[in-house]
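Everything on this sheet refers to the single structure shown next.
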Amino acid sequence: MDTLRFTAGEPAVRITRLGPGLWQALDDGRVAGRGEATTRPDGRVFLSVDAWHRSVFDQLAREMLAAVPDPVHTVVDETDRELLDGWQRAGLTVRRREWEYVAPTDPQVTGPVGLPSGVAFVPAGSADEGPLRELDRVIRAEVEATVGWSEMPAEVLPRAAGDTIVDPSKYAVAVEEGEYVGLVRVVQVTRLPRIGLIAVRADRRRRGIARGLLTHTLDVLRQAGIPTASAEVNEANAAATALFEGIGARRANSTVELMRHGR
(Lines give C-alpha, C1' and ligand atoms only; values in the text may rest on other atoms or scores of the structure.)
Protein backbone atom coordinates (compact mmCIF):
# COMPACT_ATOMS: atom_id res chain seq x y z
CA MET A 1 0.00 0.00 0.00
CA ASP A 2 1.61 3.24 -1.20
CA THR A 3 0.71 6.62 0.30
CA LEU A 4 1.46 10.15 -0.90
CA ARG A 5 0.44 13.43 0.73
CA PHE A 6 -0.18 16.73 -1.09
CA THR A 7 -0.20 20.01 0.82
CA ALA A 8 1.49 22.87 -1.05
CA GLY A 9 -1.21 25.32 -2.18
CA GLU A 10 -3.87 22.60 -2.19
CA PRO A 11 -6.26 21.03 0.33
CA ALA A 12 -4.26 18.49 2.31
CA VAL A 13 -5.09 15.12 0.75
CA ARG A 14 -3.52 11.74 1.38
CA ILE A 15 -3.45 9.57 -1.78
CA THR A 16 -3.33 5.87 -1.02
CA ARG A 17 -2.94 3.07 -3.54
CA LEU A 18 -5.17 0.33 -2.22
CA GLY A 19 -4.08 -2.33 -4.68
CA PRO A 20 -3.73 -2.97 -8.43
CA GLY A 21 -5.74 -0.33 -10.25
CA LEU A 22 -7.32 1.28 -7.15
CA TRP A 23 -6.56 4.61 -5.43
CA GLN A 24 -8.21 6.57 -2.63
CA ALA A 25 -7.90 10.20 -1.50
CA LEU A 26 -8.37 10.96 2.20
CA ASP A 27 -8.97 14.44 3.57
CA ASP A 28 -8.44 14.45 7.33
CA GLY A 29 -9.40 10.78 7.46
CA ARG A 30 -12.49 11.13 5.28
CA VAL A 31 -12.75 9.73 1.76
CA ALA A 32 -12.55 12.68 -0.68
CA GLY A 33 -12.15 10.77 -3.92
CA ARG A 34 -11.47 7.44 -5.60
CA GLY A 35 -9.66 6.41 -8.76
CA GLU A 36 -9.61 3.22 -10.79
CA ALA A 37 -7.62 1.87 -13.74
CA THR A 38 -9.45 -0.90 -15.63
CA THR A 39 -8.03 -3.09 -18.39
CA ARG A 40 -10.77 -3.80 -20.94
CA PRO A 41 -11.04 -7.02 -22.96
CA ASP A 42 -9.21 -5.47 -25.93
CA GLY A 43 -6.21 -4.62 -23.70
CA ARG A 44 -6.79 -0.86 -23.43
CA VAL A 45 -6.47 0.71 -19.98
CA PHE A 46 -9.26 3.13 -18.98
CA LEU A 47 -9.05 5.49 -16.02
CA SER A 48 -11.87 6.87 -13.91
CA VAL A 49 -11.86 9.34 -11.01
CA ASP A 50 -14.72 10.21 -8.68
CA ALA A 51 -13.93 13.31 -6.60
CA TRP A 52 -16.00 16.20 -5.26
CA HIS A 53 -13.28 18.84 -5.45
CA ARG A 54 -11.33 19.92 -8.53
CA SER A 55 -8.05 19.86 -6.60
CA VAL A 56 -8.70 16.32 -5.35
CA PHE A 57 -9.45 15.19 -8.90
CA ASP A 58 -6.20 16.73 -10.14
CA GLN A 59 -4.15 15.08 -7.40
CA LEU A 60 -5.70 11.66 -7.95
CA ALA A 61 -5.30 11.90 -11.71
CA ARG A 62 -1.68 13.00 -11.37
CA GLU A 63 -0.85 10.10 -9.05
CA MET A 64 -2.61 7.54 -11.25
CA LEU A 65 -0.99 8.77 -14.45
CA ALA A 66 2.43 8.55 -12.82
CA ALA A 67 1.80 4.91 -11.95
CA VAL A 68 0.07 3.58 -15.09
CA PRO A 69 2.07 3.18 -18.33
CA ASP A 70 0.85 4.82 -21.51
CA PRO A 71 -1.29 4.67 -23.50
CA VAL A 72 -4.21 5.34 -21.18
CA HIS A 73 -7.81 6.23 -22.03
CA THR A 74 -10.96 7.55 -20.44
CA VAL A 75 -14.53 8.09 -21.62
CA VAL A 76 -16.54 11.19 -20.67
CA ASP A 77 -20.09 12.35 -21.32
CA GLU A 78 -19.52 15.42 -23.47
CA THR A 79 -22.02 17.46 -21.46
CA ASP A 80 -19.88 16.97 -18.31
CA ARG A 81 -17.59 19.92 -19.01
CA GLU A 82 -16.00 19.82 -15.56
CA LEU A 83 -14.87 16.21 -15.95
CA LEU A 84 -13.78 16.79 -19.55
CA ASP A 85 -11.72 19.82 -18.50
CA GLY A 86 -10.19 17.83 -15.65
CA TRP A 87 -8.83 15.11 -17.89
CA GLN A 88 -7.55 17.67 -20.37
CA ARG A 89 -5.71 19.44 -17.53
CA ALA A 90 -4.16 16.06 -16.74
CA GLY A 91 -2.75 15.87 -20.27
CA LEU A 92 -5.25 13.66 -22.10
CA THR A 93 -6.55 14.76 -25.50
CA VAL A 94 -9.75 13.92 -27.37
CA ARG A 95 -9.22 10.89 -29.59
CA ARG A 96 -12.73 10.35 -30.95
CA ARG A 97 -16.43 11.04 -30.37
CA GLU A 98 -19.30 8.57 -30.21
CA TRP A 99 -22.92 9.55 -30.71
CA GLU A 100 -25.70 7.73 -28.93
CA TYR A 101 -28.61 7.21 -31.30
CA VAL A 102 -32.15 6.40 -30.20
CA ALA A 103 -33.83 4.30 -32.90
CA PRO A 104 -37.60 3.81 -33.22
CA THR A 105 -38.94 0.30 -33.65
CA ASP A 106 -42.09 1.29 -35.56
CA PRO A 107 -41.77 0.20 -39.24
CA GLN A 108 -43.86 3.21 -40.23
CA VAL A 109 -40.84 5.26 -39.18
CA THR A 110 -37.95 2.91 -39.95
CA GLY A 111 -39.28 1.85 -43.34
CA PRO A 112 -40.09 -1.62 -44.69
CA VAL A 113 -38.75 -4.63 -42.83
CA GLY A 114 -36.87 -6.86 -45.26
CA LEU A 115 -33.64 -8.33 -46.58
CA PRO A 116 -32.32 -8.71 -50.14
CA SER A 117 -33.65 -11.60 -52.18
CA GLY A 118 -32.06 -14.89 -51.12
CA VAL A 119 -31.05 -13.61 -47.67
CA ALA A 120 -32.90 -14.88 -44.58
CA PHE A 121 -33.11 -13.56 -41.03
CA VAL A 122 -32.37 -15.86 -38.07
CA PRO A 123 -33.58 -14.24 -34.84
CA ALA A 124 -31.57 -13.99 -31.63
CA GLY A 125 -31.36 -17.29 -29.80
CA SER A 126 -31.79 -19.39 -32.94
CA ALA A 127 -28.35 -19.06 -34.57
CA ASP A 128 -26.01 -22.08 -34.66
CA GLU A 129 -23.08 -21.32 -32.39
CA GLY A 130 -20.31 -22.74 -34.60
CA PRO A 131 -21.09 -20.74 -37.77
CA LEU A 132 -21.82 -17.68 -35.61
CA ARG A 133 -18.39 -17.78 -34.00
CA GLU A 134 -16.73 -18.30 -37.39
CA LEU A 135 -18.55 -15.28 -38.85
CA ASP A 136 -17.51 -13.19 -35.85
CA ARG A 137 -13.85 -14.17 -36.36
CA VAL A 138 -14.02 -13.30 -40.07
CA ILE A 139 -15.62 -9.91 -39.46
CA ARG A 140 -13.22 -8.99 -36.67
CA ALA A 141 -10.24 -9.93 -38.83
CA GLU A 142 -11.60 -7.75 -41.66
CA VAL A 143 -12.09 -4.79 -39.32
CA GLU A 144 -8.65 -5.22 -37.77
CA ALA A 145 -7.07 -5.30 -41.25
CA THR A 146 -8.71 -1.97 -42.19
CA VAL A 147 -9.64 0.67 -39.60
CA GLY A 148 -8.67 -1.49 -36.62
CA TRP A 149 -10.96 -2.79 -33.89
CA SER A 150 -9.97 0.11 -31.59
CA GLU A 151 -12.09 2.35 -33.85
CA MET A 152 -15.22 0.37 -33.09
CA PRO A 153 -17.41 1.31 -30.10
CA ALA A 154 -15.56 0.43 -26.90
CA GLU A 155 -16.64 -2.98 -25.61
CA VAL A 156 -16.59 -3.75 -21.92
CA LEU A 157 -18.10 -7.24 -21.87
CA PRO A 158 -15.87 -9.77 -20.06
CA ARG A 159 -14.78 -12.75 -22.11
CA ALA A 160 -12.28 -15.57 -22.10
CA ALA A 161 -9.03 -14.97 -23.95
CA GLY A 162 -9.63 -15.28 -27.69
CA ASP A 163 -13.39 -15.69 -27.32
CA THR A 164 -15.36 -12.75 -28.72
CA ILE A 165 -18.87 -14.22 -28.47
CA VAL A 166 -19.88 -13.92 -24.83
CA ASP A 167 -23.54 -14.93 -25.15
CA PRO A 168 -24.63 -16.45 -28.51
CA SER A 169 -28.30 -15.96 -27.59
CA LYS A 170 -27.92 -12.18 -28.03
CA TYR A 171 -27.00 -12.47 -31.75
CA ALA A 172 -29.31 -12.48 -34.76
CA VAL A 173 -27.81 -13.30 -38.15
CA ALA A 174 -28.37 -12.99 -41.88
CA VAL A 175 -27.96 -16.20 -43.91
CA GLU A 176 -27.32 -16.52 -47.63
CA GLU A 177 -26.88 -19.83 -49.46
CA GLY A 178 -26.39 -21.59 -46.13
CA GLU A 179 -23.66 -19.21 -44.94
CA TYR A 180 -23.84 -16.69 -42.12
CA VAL A 181 -22.99 -13.33 -43.74
CA GLY A 182 -24.02 -10.69 -41.20
CA LEU A 183 -24.80 -10.33 -37.51
CA VAL A 184 -26.36 -7.98 -35.00
CA ARG A 185 -26.00 -8.10 -31.20
CA VAL A 186 -28.69 -6.69 -28.91
CA VAL A 187 -28.10 -6.26 -25.20
CA GLN A 188 -31.00 -5.54 -22.85
CA VAL A 189 -30.00 -2.58 -20.68
CA THR A 190 -32.87 -1.81 -18.25
CA ARG A 191 -35.80 -0.79 -20.46
CA LEU A 192 -33.76 0.50 -23.40
CA PRO A 193 -32.15 -2.31 -25.45
CA ARG A 194 -28.74 -1.47 -26.90
CA ILE A 195 -27.61 -2.52 -30.35
CA GLY A 196 -24.01 -3.24 -29.48
CA LEU A 197 -22.76 -4.41 -32.87
CA ILE A 198 -24.01 -4.73 -36.43
CA ALA A 199 -21.65 -6.00 -39.12
CA VAL A 200 -21.63 -7.72 -42.52
CA ARG A 201 -18.89 -9.67 -44.26
CA ALA A 202 -16.87 -7.47 -46.63
CA ASP A 203 -17.85 -9.47 -49.73
CA ARG A 204 -21.59 -9.09 -48.98
CA ARG A 205 -21.78 -5.37 -48.22
CA ARG A 206 -23.62 -2.60 -50.09
CA ARG A 207 -26.65 -4.81 -50.74
CA GLY A 208 -28.90 -3.73 -47.88
CA ILE A 209 -28.07 -6.62 -45.54
CA ALA A 210 -27.09 -4.35 -42.64
CA ARG A 211 -30.26 -2.31 -43.01
CA GLY A 212 -32.31 -5.51 -43.22
CA LEU A 213 -30.72 -6.89 -40.05
CA LEU A 214 -31.41 -3.62 -38.27
CA THR A 215 -35.05 -3.29 -39.34
CA HIS A 216 -35.79 -6.95 -38.56
CA THR A 217 -34.22 -6.58 -35.11
CA LEU A 218 -36.14 -3.39 -34.37
CA ASP A 219 -39.37 -5.05 -35.48
CA VAL A 220 -38.77 -7.96 -33.10
CA LEU A 221 -38.39 -5.42 -30.29
CA ARG A 222 -41.60 -3.68 -31.40
CA GLN A 223 -43.49 -6.95 -31.20
CA ALA A 224 -42.22 -7.28 -27.62
CA GLY A 225 -43.74 -3.89 -26.79
CA ILE A 226 -40.43 -1.96 -26.84
CA PRO A 227 -40.71 1.41 -28.66
CA THR A 228 -37.03 2.37 -28.97
CA ALA A 229 -33.48 1.01 -28.85
CA SER A 230 -30.11 2.73 -28.52
CA ALA A 231 -26.77 2.41 -30.32
CA GLU A 232 -23.36 4.06 -30.14
CA VAL A 233 -21.82 5.21 -33.44
CA ASN A 234 -18.31 6.53 -34.01
CA GLU A 235 -18.61 10.04 -35.44
CA ALA A 236 -16.07 9.10 -38.13
CA ASN A 237 -18.07 6.06 -39.30
CA ALA A 238 -20.05 7.57 -42.17
CA ALA A 239 -21.67 4.27 -43.18
CA ALA A 240 -23.01 3.55 -39.69
CA THR A 241 -24.21 7.14 -39.32
CA ALA A 242 -26.10 6.90 -42.62
CA LEU A 243 -27.57 3.52 -41.63
CA PHE A 244 -29.08 4.76 -38.37
CA GLU A 245 -30.17 8.15 -39.64
CA GLY A 246 -31.75 6.38 -42.64
CA ILE A 247 -34.16 4.49 -40.37
CA GLY A 248 -35.16 7.59 -38.43
CA ALA A 249 -32.81 7.32 -35.45
CA ARG A 250 -32.01 10.58 -33.67
CA ARG A 251 -28.92 11.71 -31.81
CA ALA A 252 -29.46 11.84 -28.05
CA ASN A 253 -26.07 12.17 -26.33
CA SER A 254 -22.39 12.09 -27.14
CA THR A 255 -19.32 10.77 -25.37
CA VAL A 256 -15.69 11.47 -26.06
CA GLU A 257 -12.76 9.13 -25.61
CA LEU A 258 -9.63 10.89 -24.38
CA MET A 259 -6.16 9.40 -24.53
CA ARG A 260 -2.58 10.04 -23.49
CA HIS A 261 -0.18 8.46 -25.96
CA GLY A 262 3.07 8.70 -24.08
CA ARG A 263 5.42 10.87 -22.12
Item to complete: On the protein heavy atoms, probe 1.4 angstrom, tell me the percent of accessible surface of the chain carried by carbon and sulfur.
Response: 52 percent
Worksheet, complete the sentence: Taking the chain and counting helices only, DSSP H stretches of n ≥ 4 at -39,500 (n - 2.57) each over all residues, the nearest-500 ellipticity at 222 nm comes to -8000 deg cm²/dmol
Fill in: FRET efficiency, 1/(1 + (r/R0)^6) with R0 35 Å, evaluated for residue 252 and residue 62 via beta carbons
0.55
Worksheet item: Top mean-square fluctuation among 29, 196, 182, Gaussian network model of the chain, C-alpha springs under 10 Å?
Response: 29
Fill in: Charge tally in the Cβ shell below 14 Å around residue 229, where Lys, Arg are +1 and Asp, Glu are -1, residue 229 excluded
+2
Practice prompt. Let me know the Rg and Dmax you get for the chain when you use only its Cα atoms, in Å.
Written response: 21.6, 71
Worksheet item: What length, rounded to one decimal in nm, is gained on full extension from residue 97 through to residue 42, with 0.36 nm per residue of separation minus their alpha-carbon distance?
Response: 17.9 nm
Worksheet item: Roughly how many Å² is the accessible area per residue of the chain, as a whole number, for a 1.4 Å probe?
Response: 51 Å²
Practice prompt. Could you give the DSSP H helices of the chain that reach 18 angstrom or more along their long axis (alpha carbon positions) and whose average Kyte-Doolittle hydropathy is no lower than -1.0?
Written response: 54-67, 129-145, 209-223
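The values are calculated or read from the model by the stated rules, or taken from the named source; none is laboratory data. What you are looking at is a predicted structure, and each value in this text was computed from that prediction instead of being measured. Every residue, glycine as well, gets a Cβ built from its backbone with ideal geometry; the counts of neighbours run over all protein chains shown. Keep in mind that these areas ignore ligands, DNA and RNA; they rest on the heavy atoms of the full protein, side chains included. Shrake-Rupley method; radii C 1.70, N 1.55, O 1.52, S 1.80 Å.
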